[in-house]
1. Quick check for you: with a 1.4 Å probe and neighbouring chains kept, what is the accessible area per residue of the chain, in Å²?
2. Compute the relative contact order of segment 1-45 as a whole-number percentage, counting only Cα pairs closer than 8 Å that sit 6 or more residues apart in sequence.
3. Using 0.36 nm per residue of separation minus the Cα-Cα distance, give me the extension gain between GLU73 and GLN27 in nm, one decimal.
4. Rolling a 1.4 angstrom probe over the protein chains, ignoring ligands and nucleic acids, what is the accessible area of ASP35 in square angstrom, nearest 10?
5. Of the heavy-atom accessible surface of segment 1-58 (probe 1.4 angstrom), what whole percent is carbon and sulfur?
6. Could you order peptides 77-85, 63-71 by the average number of other Cβ atoms within 10 Å of their residues, highest first?
7. Divide by every residue of the chain the summed helix terms, -39500 (n - 2.57) for each DSSP H run of at least 4, and state the resulting mean residue ellipticity at 222 nm, rounded to the nearest 500 deg cm²/dmol.
8. For the chain: lysine pairs with Cα atoms under 15 Å, gap of 8 or more or different chains, count?
Amino acid sequence: MGVGIFACSKAGHDKGRIYVIVEIDSQRVFLCDGDRRPLDNPKVKNIKHIQPIKAVPEELRQMCVRNEEFYNEGIKRALKQYAAGAGRD
């Protein structure tokens, strides 16, 4: 698990929602979706309450980053494409 990885919420009112991990603390992760949870107000979750998604194409991960920094529009676009099936086999 690391920064830039897609993750699905396993618990809470947002169960099943997909995010991008933008920061990792010792016991918590900071998640963004570019829409409801932008970079300036990330969702904070316990590490055990998320499931990392490993089968995400690298081009979708790269879409989230511009000039070596995350940006909301890129995150939103990448998550939308993943949900539409671009990231699934």
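The values are calculated or read from the model by the stated rules, or taken from the named source; none is laboratory data. What you see is a predicted model, and the numbers here were worked out from it, not measured in a lab. Here Cβ is always computed from backbone atoms with ideal geometry, including for glycine, and neighbour counts include all displayed protein chains. Heads up: the accessible areas ignore ligands, DNA and RNA and are worked out on the full protein's heavy atoms, side chains in. Shrake-Rupley method; radii C 1.70, N 1.55, O 1.52, S 1.80 Å.
1. The answer is 62 Å² per residue.
2. 27
3. 13.8 nm
4. Probe radius 1.4 Å; accessible area of ASP35 about 100 Å².
5. 47
6. Most protected by this proxy first, the peptides run 77-85, 63-71.
7. Rounded to the nearest 500, it is -5000 deg cm²/dmol.
8. Lysine pairs meeting the criterion: 7.
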